[in-house]
Every structure is written in structure tokens, then in C-alpha cells.
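Before any comments, here is the structure.
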Amino acid sequence: MAKYLLLKHYRGAPAAVNDVPMDQWTPEEISAHMQYMQDFAARLETTGEFVDGQALAPEGTFVRYDGEGRPPVTDGPFAETKDLIAGWMVIDVDSYERAVELAGELSAAPGAGGKPIHEWLELRPFYGVSPTITE
Amino acid sequence: MTTQVNEALLRRLTPSVLGILVRRGADFAAAEDAVQDALVEAVRVWPADPPRDAKGWLVTVAWRKFLDATRSDTARRRREESVDEEPAPGHAPAVDDTLQLYFLCAHPSLTPSSAVALTLRAVGGLTTRQIAQAYLVPEATMAQRISRAKRTVSGVRFDQPGDVATVLRVLYLVFNEGYSGDIDLAAEAIRLTRQLTAAIDHPEVAGLLALMLLHHARRAARTAPDGSLVPLAEQDRRRWDTVAIAEGVGILQAALARDRLGEFQAQAAIAALHADAPTAEETDWVQIVEWYDELTRLTDSPVVRLNRAVAVGEADGPRAGLAALAALDTSLPRHTAVAAYLHERDGDLTTAARLYAEAAQKAPNLAERGHLTRQAARLNSRRPD
């Protein structure tokens with residue numbers, strides 16, 4: 001039982017095999033892609049492995065504290081930021097091998113020409129609980 | 001007058017009520033749903049109208065729920081056929097029903113997480129929502145995990161004896177890897193293991209119960225008020241629960257006297273030696289190393305060999321510990337943390353600081369990461385001598 005984050009990047013990940021921008025797909029290909037993602041999440045729910053899935057808008061703002069009594073400073077978006085997260089899925093699985101298997105399936109979502117995108121997903125383990133028995 | 005529903009009583013009765021339904025011919029999955037429905041009903045009805053015979057009430061209501069569900073279910077025919085295949089009601093039970101439930105819920109065809117979830121619900125009487133909260137997953141996901149687990153074991157015959165070792169692994173997991181939310185999973189694991197000792201006479205079941213009690217006894221001393229880990233050597237031993245320790249030691253001694261050693265008894269023996277030391281300095285490390293040798297013989301686990309290296313470091317000095325460590329695969333979890341500790345004991349503080357920082361990067365949980373980072377910081381911020 002371990003939780004993993006599957007991170008999907010707008011940019012920052014190595015190039016996908018089927019690397020055609022989404023705005024150059026056909027509408028049907030976009031629908032097929034969305035359907036694949038939904039079906040994937042629904043299937044993980046039936047296997048009891050789904051925790052969460054969210055998509056993020058590409059444009060965000062950087063915010064920081066600016067001292068006592070002052071409003072926070074905002075800046076960005078920065079076009080040069082290397083890493084841009086597009087969304088995530090959180091899974092709860094029995095093993096690392098299972099997490100890799102599922103990430104592989106998600107990466108096979110169809111893109112241009114109805115072919116798998118083969119996009120790179122980042123797989124990050126959550127910190128687990130500290131075990132009671134350590135010695 | 002309304003009274004609070006005795007939840008502990010409800011949950012204690014859960015497995016035997018479920019066992020009775022299955023004995024009467026209900027298939028396991030439907031019976032389990034019916035018992036859950038009856039528990040919900042009890043929580044609703046009992047405060048105003050407590051029954052004289054709690055178990056009889058639950059059996060009656062659960063059986064009625066089962067019949068209602070069977071009648072209304074579109075798969076009625078399929079269910080009725082499966083009822084026909086079951087042994088006739090009143091068939092003399094060959095093995096205790098509660099024990100059979102433990103076997104079924106820990107069946108080897110289940111994944112560990114499924115076995116844990118099913119055990120907590122069918123044997124422990126927890127609701128799906130409580131189990132979902134305890135493992136930080138959505139309730140819908142946990143509901144699916146449980147119903148899938150029930151489907152997986154649906155073909156397993158209820159009267160076949162199972163393997164107690166698989167049950168013990170599941171209970172160990174519940175004890176060792178639970179979040180501490182509303183449901184205290186460690187306490188629940190102890191309750192379920194204690195209940196198991198009443199259903200089967202087996203020294204390893206006793207060994208696991210002793211192991212849990214001995215570790216649970218240290219719980220209050222294990223974390224500082226800020227939530228950080230307090231290592232065994234630095235724990236305030238006055239805060240250990242001496243009642244739990246005495247019970248654990250007593251159970252362990254009775255189990256060991258039967259001369260059928262297993263890994264849980266050996267682990268409990270190590271915990272008992274720690275519990276027995278008035279101060280960390282007085283720990284009998286020589287005996288602990290001997291128990292690790294037994295454990296290595298029993299399990300041949302690399303994690304045991306790693307813990308043995310720590311014990312050797314205490315018994316025979318850090319150089320001996322480092323020599324024992326050198327024989328082990330460096331990719332083992334916590335290998336770097338052990339190396340850091342042994343180097344510090346050996347006086348090589350620069351290496352130790354570097355290794356603590358490296359170990360923090362690989363820590364499997366936040367509490368350990370915090371602890372290891374603080375160790376590195378402590379050594380890095382020392383005055384140069």
C-alpha cells in the first residue's frame with residue numbers, strides 16, 4: 001500500500017514519441033483522448049486504486065510574502081519556467097511495479113492519428129507512514 | 001432514556017454474526033453486506049431501544065437484510081443457486097467461524113491492501129468510510145476495493161482451513177502501517193490479534209500479540225510533542241506502559257516454552273529485551289544479537305541482517321557493526337542511515353554527517369527524513385575541535 005503521484009507536464013518532460021500539439025489533432029482525436037483518461041480513472045476506481053485526479057490550467061501566478069502589513073507580491077507567469085505541470089493522478093497501489101505498470105498505461109493515451117502519445121509521465125512516491133516496528 | 005451504542009460490543013460480535021449467516025447458507029459477500037446493514041441499524045435503533053440479547057438481535061436483523069437483498073436483487077436466481085450449493089443449515093461447524101473469517105479475509109489470492117481492507121470490515125466490523133479514512137483514499141475507492149476482494153474470495157469454501165501465517169502477515173500490516181486518524185489501527189490490530197488467540201492455539205499468534213503489545217507500550221515515548229521521532233535510546237522509559245509490557249512478556253514466555261519458535265516470537269523476544277532494560281546502556285545487546293541470528297535463520301531477510309548489524313555495533317563495537325554492514329547490499333532501505341549511525345559511533349563525524357544527509361534524501365517517510373536531517377545538522381553545526 002503506497003501512494004504515487006503521476007505527473008503530466010505541459011513542458012519540462014522529455015519529448016513524447018507521438019509529439020503533435022493537441023491543437024493540431026482532430027476534434028475526434030481530442031474526444032478519444034479525454035475518454036481514455038476518464039475510462040482510466042474509472043477503471044482504477046473499480047480496482048480500488050484511485051485516489052485523485054486533477055488537471056491544471058497552464059497559466060499560473062507566483063506569489064510571495066512581502067513583509068509585515070504589506071500585501072503579497074505577485075509575479076509571472078514566466079515563459080522561461082522550465083517545468084510546467086499539466087495535471088496529476090494519485091494512485092494507491094500494492095507495489096512500485098504496479099505504479100509503473102499503471103503509469104505506462106496512462107502514457108498510452110491516444111493522440112494524433114489515434115496512436116498512443118507515449119508521453120513521459122513523472123512517477124513520484126508519497127512519503128509513507130512511519131512504521132511502528134523498526135528494530 | 002437513550003444510551004450510547006456500545007460500539008466495542010458491536011464490533012466484537014461482528015465476526016460471529018457473519019459466521020452464523022454464512023453457516024446458514026448465505027454467500028459470504030451478501031452476508032457481509034447484510035451484517036454491515038445490521039450494524040448501521042443497531043447504531044440507529046439501540047440508543048432508544050437496546051436489545052436484551054445483542055447477538056440474537058444482530059443475527060435476526062442481518063438475516064432479514066440478507067433475505068431482503070437476495071429477493072430484490074436482479075441476480076436473484078444466481079444467488080439462490082449458490083445458496084443451494086452451500087451445506088445445509090445446522091451443518092456441524094468443523095472449525096470456529098471466527099477463525100474461518102480470518103482465513104477467508106487473508107486468503108492468498110488477495111493483494112495485501114485488499115486483505116487488510118476486507119479483514120478490517122468483515123472481522124473488525126469497521127465501516128467502509130472508517131477504513132477509507134484510515135488509509136487516506138476516497139470512500140468509493142475503498143468500497144470498490146472491498147467488493148472486489150469479496151468477489152475474489154467468493155469461490156473459496158468456507159469450511160476449508162487456511163494458513164495462519166497469511167493471517168498474521170495481514171494483522172502485522174494493520175499494526176505497522178496505519179495512519180493514526182480517528183481509528184487507531186494499532187489498537188485495532190491488537191484487538192483482532194487478541195481475538196485470534198481465542199480462536200486458535202498457535203505460538204506464532206501469541207508471538208505476534210506479544211510483539212504488538214511490547215511495541216504499543218512504547219507509543220507515548222516514541223514521538224516528541226512536536227511530532228518528531230524519538231529514537232529508542234533516547235526515549236523516556238518512565239513513559240512506557242508497564243502493564244502492556246508485563247502482558248506481552250507473559251504471553252511471549254508461555255509461547256517460547258512450547259518450543260515452536262517462529263519469526264514473530266523472535267521479534268517479540270528482541271522487543272522484550274529492550275523493554276527489560278531500565279536504561280539504554282543496560283540493554284543486553286549480546287542476547288539481542290543471538291535473537292537476530294535466530295531471526296536470520298528463520299527468515300533470511302536482508303532487513304533482519306541490517307538490524308542485526310546495528311545490534312552487533314552495540315554488542316561488539318561500531319567497527320564490528322560496520323564489518324557486518326559491509327556484507328549487505330547498499331541499496332537496502334535504511335542502509336545509509338545505519339552506516340551513518342555506526343560511523344558516528346566510531347568517531348568519524350564528517351562521514352557520519354554526509355551519510356545522515358544522504359540517508360535523509362532516501363527516507364521513506366517524513367518523520368524519518370526529519371530525524372535524519374536533524375542528525376546531519378547536529379553534526380554539521382558542532383564546534384570545530
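The length gained on full extension between B:Ser228 and B:Leu9, counted as 0.36 nm times the residue separation minus their Cα-Cα distance, comes to 75.3 nm.
How much length, in nm to one decimal, is gained on full extension between B:Arg319 and B:Ala187, taken as 0.36 nm per residue of separation minus their Cα-Cα distance? If you can, show how the numbers build up before the last one.
On the way: separation 132, 0.36 × 132 = 47.52 nm, distance 3.92 nm.
Extra length from B:Arg319 to B:Ala187 when fully extended: 43.6 nm.
When the surface is traced with a 1.4 Å probe over the full set of protein chains, B:Glu7 keeps roughly 100 Å² accessible. Remark on the protein assembly as shown: Rg and Dmax equal 27.0, 83 Å (Cα only). Here the accessible area of chain B is 52 percent carbon and sulfur, with a 1.4 angstrom probe and all protein chains present.
Think of chain B as a dipole: +1 on every Lys or Arg Cβ, -1 on every Asp or Glu Cβ, centred on the Cα centre; then among B:Gly155, B:Leu99, B:Leu349, B:Gly155 lies furthest on the positive end.
With the convex hull of the Cα atoms taken as the outline of the range B:316-381, the averaged projected area works out to 4.1 nm².
Alpha-carbon geometry of chain B: the Rg and the Dmax are 24.3, 83 Å, given in that order.
Where in the range A:76-91 does the amide nitrogen come within less than 17 Å of the point 7 Å from the Cα of A:Asp52, taken along Cα to Cβ? Counting only backbone N, you get A:85-91.
Shape summary of the range B:93-200, radius of gyration then Dmax from alpha carbon positions: 13.0, 39 Å.
Can you figure out the FRET efficiency of B:Thr350 with A:Lys115, using R₀ = 45 Å and their beta-carbon distance, to the nearest 0.05?
Working: r = 54 Å, r/R0 = 1.21.
Once the sixth-power term is evaluated, E becomes 0.25.
Interface size, chains B and A: roughly 2600 Å² of accessible area buried, both sides included, 1.4 Å probe, rounded to the nearest 100. Over chain B, DSSP H runs of length four or greater, each weighted -39,500 (n - 2.57), average out per residue to a 222 nm ellipticity of -21000 deg cm²/dmol. Given +1 at the Cβ of Lys and Arg, -1 at the Cβ of Asp and Glu and no other charges, the dipole of the protein assembly as shown around its Cα centre is 700 debye to the nearest 20. Divided by 2.2 N^0.38 Å, where N counts the residues, the Cα radius of gyration of chain A comes to 1.28.
Residues A:Met1, A:Met34, ordered by accessible area of protein heavy atoms at a 1.4 angstrom probe radius and largest first, appear as A:Met34, A:Met1. Take chain A with all the other protein chains still there, run a 1.4 Å probe, and you get 60 Å² of accessible area per residue.
Placing +1 on the Cβ of every Lys and Arg and -1 on the Cβ of every Asp and Glu, with nothing else charged, gives the range B:251-365 a dipole about its Cα centre of roughly 400 debye. In this simple spin-label approximation, B:Arg64 and B:Arg258 carry label points 7 Å from Cα along the Cα→Cβ vector, and these lie 4.2 nm apart. Would you mind counting up the charge near B:Pro47? Only other residues with Cβ under 13 Å from its Cβ, with Lys and Arg at +1 and Asp and Glu at -1. Residues near B:Pro47 contribute -2 overall. If R0 equals 35 Å, the separation of the Cβ atoms of A:Glu97 and A:Asp23 corresponds to a calculated FRET efficiency of about 0.45.
Between B:Thr152 and B:Tyr179, the C-beta separation translates, for a Förster distance of 22 Å, into a calculated FRET efficiency of about 0.30. Distances longer than 23 Å among the Cα atoms of the range B:273-385: what percent of all pairs is that? Roughly 33 percent, once rounded to a whole number.
The values are calculated or read from the model by the stated rules, or taken from the named source; none is laboratory data. None of these values were measured; they are calculated from a predicted model. So basically every Cβ, Gly included, is an ideal-geometry build from the backbone, and we count neighbours across all protein chains shown. We work out accessible area using only protein heavy atoms, side chains counted, and drop any ligands, DNA or RNA first. Shrake-Rupley method; radii C 1.70, N 1.55, O 1.52, S 1.80 Å.
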